1. I'm trying to understand the selection: among the residues of the range 46-69, which are aromatic (Phe, Trp, Tyr) and assigned to a helix (DSSP H, G or I)?
2. Are there helices (runs of 4 or more DSSP H) fully within the range 1-45 with at least 1 residues that are under 15 Å from the mean Cα position of the chain (by Cα) and without any contact (Cβ under 8 Å) to a residue 40 or more places away in the chain? List them.
3. Within the range 46-72, restricting attention to residues that are crowded, with 16+ Cβ neighbours inside 10 Å and polar (S, T, N, Q), which residue is nearest to the chain's Cα centre (by Cα)?
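The values are calculated or read from the model by the stated rules, or taken from the named source; none is laboratory data. None of these values were measured; they are calculated from a predicted model. Every residue, glycine as well, gets a Cβ built from its backbone with ideal geometry; the counts of neighbours run over all protein chains shown.
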Amino acid sequence: MIGSAWKALLRGASRVALEQLSLRLLEYDGACARSAAIHADLRAVERFFTDEASTLAKAITATGYVGYPVPQRDRDALFLRYRDLHNAARGAWVKLFVP
């Protein structure tokens, strides 16, 4: 069963699982011997968290989307709504500070 830290990582809420994994790998000689490959794999998970999972989490929160996981058929519409809300909020903010 997947732990809560990994669930949080996959949902874009926390990278604690990745940090814990990185620290645990330091204890293993095999991981240290393959440090370049391990580092590349950890960077790939970090990119997934930053570019995919946390972006999706922000879109879910901003739009009030109900349900998880988000079906692939709903993602484009979700991201378009998120972009529109984000641009509208940014435009309102600029109007407050630009004469």
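1. If the condition is that a residue be aromatic (Phe, Trp, Tyr) and assigned to a helix (DSSP H, G or I), then PHE48, PHE49 are the ones that fit.
2. 4-10, 16-25
3. So, considering only residues that are crowded, with 16+ Cβ neighbours inside 10 Å and polar (S, T, N, Q), the one nearest to the chain's Cα centre (by Cα) is SER54.
Every residue, every condition in (1) in contact with a helix residue (DSSP H, G or I) (Cβ under 7 Å, 6 or more places away or on another chain); (2) modelled with pLDDT under 95; (3) within 21 Å of ILE2 (Cβ to Cβ); (4) among the hydroxyl-bearing types (Ser, Thr, Tyr), yes or no:
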| residue | (1), (2), (3), (4) |
| --- | --- |
| LEU21 | no, yes, yes, no |
| LEU25 | yes, yes, yes, no |
| CYS32 | no, yes, no, no |
| ALA36 | no, yes, no, no |
| HIS39 | no, yes, no, no |
| SER54 | no, no, yes, yes |
| ALA62 | yes, yes, no, no |
| GLY67 | no, yes, yes, no |
